[in-house]
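Worksheet: one structure, shown below.
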Amino acid sequence: MKEKYVRSQSMGERCDTRWLTLTDKEGKGIKISSADTFDFSALHYTDKELFDIKYGHDLADIYRAEVMLNLDCIQRGLGNASCGPGPRPKYEIQKNTVYRYAFRMSPFTK
C-alpha cells in the first residue's frame, strides 16, 4: 500500500471497507469486519515516522517488519484553503458531534 511521494506522508488509505484480513505467509492472521464501512491503511511505518523523514526515498531507512494498521471511522476531506478552497462542509468532521463505530476482530485462516 506504499505510494511514491516526493515528500513522505500518510498513504495507502482504503475507503468504504466492510472487512479486511491480515495474514502471515502460512495464511494465519486476523479478520476485521464491521456492519458499517470504515477506512484503513496498513503500512510498515508509523504516521510519526512518515512525518519525521524528509523524502520518500528515505522510507527504506525506517522500514519495520511489523505492520501498522490504522482503522478510521471518518477522515476530513481534502483541501486546506492555502491555495484554493477548503473541503465542502459535508466533508468536514463536525465539532460537537459524537461519532461511533464498532468492528469485530477474529482469528482467520486461509
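Bear in mind these aren't lab numbers, they're just calculated from the coordinates by the rules spelled out. None of the values given here were measured: they were computed from a predicted structure. Don't worry about glycine lacking a Cβ; one is built from the backbone with ideal geometry, like all the others, and counts go over all protein chains shown.
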Taking only pairs six or more apart or across chains, which ones have beta-carbon atoms under 8 Å, a first residue in region 13-24 that is under 7 Å from D39 (Cβ atoms), and a second residue that is among the β-branched types (V, I, T) and part of a strand (DSSP E or B)? C15/T37; T17/T37
In region 20-38, what residues are touching a strand residue (DSSP E or B) at 6+ places or on another chain (Cβ under 7 Å) and in a loop (DSSP other than H, G, I, E, B)? G27
Go through region 90-105 and give me each residue that's part of a loop (DSSP other than H, G, I, E, B) and hydroxyl-bearing (S, T, Y). T97, Y99, Y101
Hits in region 52-108 - residues which are within 30 Å of S33 (Cβ to Cβ), out of contact with any Ser or Thr (no Cβ under 8 Å at 6 or more places or on another chain) and among the hydroxyl-bearing types (S, T, Y): Y63, Y91, T97, Y99
Just name the residue that is surrounded by the fewest Cβ atoms within 10 Å (Cβ to Cβ) out of those in region 43-89 that are touching a residue at least 12 places away in the same chain (Cβ under 8 Å) and assigned to a helix (DSSP H, G or I). F51
